Structure formats: C-alpha cells, structure tokens
Amino acid sequence: MFKTLQLGDTGDEVKILEEKLKMLGYYNAIINNQFGLSLEAGVKAFQRKEGLKETGIVDDDTWQILNDYTEPKISLISILPTLSFGSTGSYVKDLQAKLKDLLYYSGEVNGSFDLETENAVKRFQLNNELTATGTVNDTTWNLLNSLYGNLNECAIANEESDYITYTVSKGDTLYSIAKRFDTTVDDIKKLNNLTSDSLEINQILKIPTTKDESNEFYIVSKGDTLYGIAKRYNTTVNELKNLNNLTSDSLAIGQVLKIPLNDSSNLNYINYTVSMGDTLYAIARRYGTTVDAIKKVNGLKDDILTIGEILKIPTEENSAYKSYTVSKGDTLYSIAKRFNVSVEELKKLNNINNNLISLGQILKIPN
C-alpha cells in the first residue's frame, strides 16, 4: 500500500497518484510529481464521487478505491492503448462512457469498438480540431480525459444547492444526467417533483448545483467558441480559461463552463439581439443611450456588429418610471390608455417628435 499523501508532498508516489486521477478524468494538469492545489481538487472530486470523506488527503481507503479502478492498468508510467475499429475490452468501455457523457456517443457501453463508436470518435476529434481519423491515440486520449475531468468538476449537489436548467436529449436517462453533473437521481427527482424515472425529449430539468454568487453555468452547444461565449457574457477568453482550468481553447458539446458574473449592481441593462441592418447608432437611439455606453458595457473596440450577436443595452435606473417594450399592434394611444397617461406625456418623456413607434422599442412609462 502506498503512503498517505497530501498537499505539498512530492515524489514518485505523487506521480502515480497524478496518473491514476488523470486516467479517471479527475486531473488534467501536467504530471510534475508535486501535490499542488489542482491535484488536491482532483482528489476531493474523486472522494466526493466515491462517497469518501472529502479531505483532499490520500489515505488507505482512497488508495484502495483508486487501485481497484486502475490496476493493473498503470504502474509507474500510465500508457493508454491506441484504439481503433475492432478493438475490445475495458479501455473501449471507458472510451464509450466518456464519449457518452460528453454527448458524442449514444450507443451501448459494451466494450466493442464498432462503427458507431468510430463515428463518435471522429465527431469528437473534428469538433476539437484534431484530425478525424477515428483512431484513439495519445493526443485524443489526453484531450478526452481533460474535457471529461472538467465536466466532472463543474457541479456539486448539496443541501444548500442552487440549480441550472438542462434540456433532455435523445438517449438521456436520469442516471446519465446525474452522473454528468455530479449529482444523484434522487436529488434531480426531488428538485423537479418527479415520481418516476421517465423522461421526454426536450423536457426541461432543474439540475442542482453548488450555490455560487460569483459564477453561473453555461452548457456548450454546437458551434460555440470561447471567444463567442466570452463576448456573450461580457468577459474575456483568459478569464474563462482561468476560472475553468482550461489549458487550450478547445470545447466539447455538453461541456459545462463556469461563467463569471460581473458586478452590475450599479447598472441596469436589457439584452438585445442584433438584426440585419442594425448599427450601434440606431440601437443607441432606439433605447435612449449612447454608442459609447453600449461599447463600454459590451467591451466592444469597434462599431462592427454581427447578426445574432447579443448586446447588453444600459438603461437608466429611475423610480419615477418603468420600461415597456413595444409589441405588434401597439400605438402611442393604446399604450397611453393602458397605463393611464397621456400621449403627450409619453412623447415628452421618450423624446418622440411624432406618433411613430417601432416593434421592440423600449418606452419609459411614468409610475
């Protein structure tokens, strides 16, 4: 039995620990024979998953379960086999399970590298900018384990949990969803008032997560990039990578990212989706703000907009009025009548010189 390890330890046994946790998807940093904070976080995630006391200290019980999972797969040096069509065995099972959790594989986890498995590998490689050979070599293994490790660390269910929402896809089960988000079937059922294990495609589920007032969660979809996500949430690629312990810009469909919540306590804003023909000047005029204010809150360095881009539009905080979004069929007269004010009062408050209003325009309504 190996000796007890904890934060600050070094040596060959730390290396063995790093290799075991990396193979199981709980550690994605470089192997350097040093028990640092990243390794401690991986140990805690593994202990939590296996129902052990979450100490971050690798005692006899932790070593025993680690060895049960990994022996005789690795000794001092972890060597993962190259897998391809026709391969069989426990490594293929591990591959299929991880691809399934990352939403690339929907077949049976049976240890048989068939055509469906090969296609899942190709999709994974293509989406993560690898050559789509369908063969699982060291590069594919390393990226797969890294992304799988990130997925396992993203959500922790407990008695003080908040939740994120998840849309059920084909092949999903409560067990697979619970495993993906590191929670339990019972916790999901309790939060959603479910009386059975049956799910429907496109059903919206609340998934319990650790309450974190400084972050929210985002599930990566097809076509997402770190740049696009960072721009959407008014943050930076580097901030996203640091918060999620990412070592590259690669993302996987279904991966869960922590998103930093910027302090906006002194600023109100609405979300606006850019349409064809929009300009910053036109949007600013529509919402009673300035081009500079929009650029500042969205971190824009130029005036170029992209159709479908989501902008934060700053709005003035004033208890003397509320906001109303113009809908199809609205007129100044009908809006004034609805809120028991005069047309002239609306025009004056919103700097309108005629009776024309546009769909989606935000109007100030006197309280």
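Size descriptors for region 90-152 (Cα atoms only): Rg and Dmax, in that order, 10.4, 27 Å.
Computed 3J(HN,Hα) for region 44-49, one whole-Hz value per residue from the Karplus formula 6.51 cos²θ - 1.76 cosθ + 1.60 where θ = phi - 60°, is 4, 5, 5, 4, 4, 5, glycine and proline marked x.
For region 12-70, the alpha-carbon coordinates run over 27, 21, 18 Å along the three principal axes, in decreasing order.
Using θ = phi - 60° in the Karplus curve 6.51 cos²θ - 1.76 cosθ + 1.60, the 3J(HN,Hα) couplings for region 330-340 round to 5, 10, 4, 5, 5, 5, 4, 5, 4, 9, 6 Hz; x is entered for Gly and Pro. Convex hull volume of the C-alpha atoms in region 318-367, normalised per residue: 67 Å³. Using a simple spin-label model with pseudo-atoms 7 Å out from Cα toward Cβ, V341 and N142 lie 6.1 nm apart. Between the amide H of I207 and those of I164, T165, Y166, distances stay under 5 Å, these residues lying 5 or more places away or on another chain, with hydrogens modeled in the peptide plane. This ranking places Y227, Y104, Y218 by how few other beta-carbon atoms lie within 10 Å of each, fewest first, which gives Y227, Y218, Y104. The amide H of I270, built 1.01 Å from its N in the peptide plane, has I313, T315 as neighbours under 5 Å, considering only residues 5 or more places off or on other chains. The packing ranking, built from the mean of other Cβ atoms within 10 Å per residue, places the peptides 279-285, 119-125, 175-181 in the order 119-125, 175-181, 279-285, highest first. In region 274-313, Cα pairs under 8 Å separated by at least six residues give a relative contact order of 52 percent.
Every number here is computed from the coordinates shown, using simple stated rules; none is lab data. As the structure is a prediction and not an experimental result, all values here were calculated from the model. Using ideal geometry, Cβ is built from the backbone for each residue, glycine included, and neighbour counts are taken over all protein chains shown.
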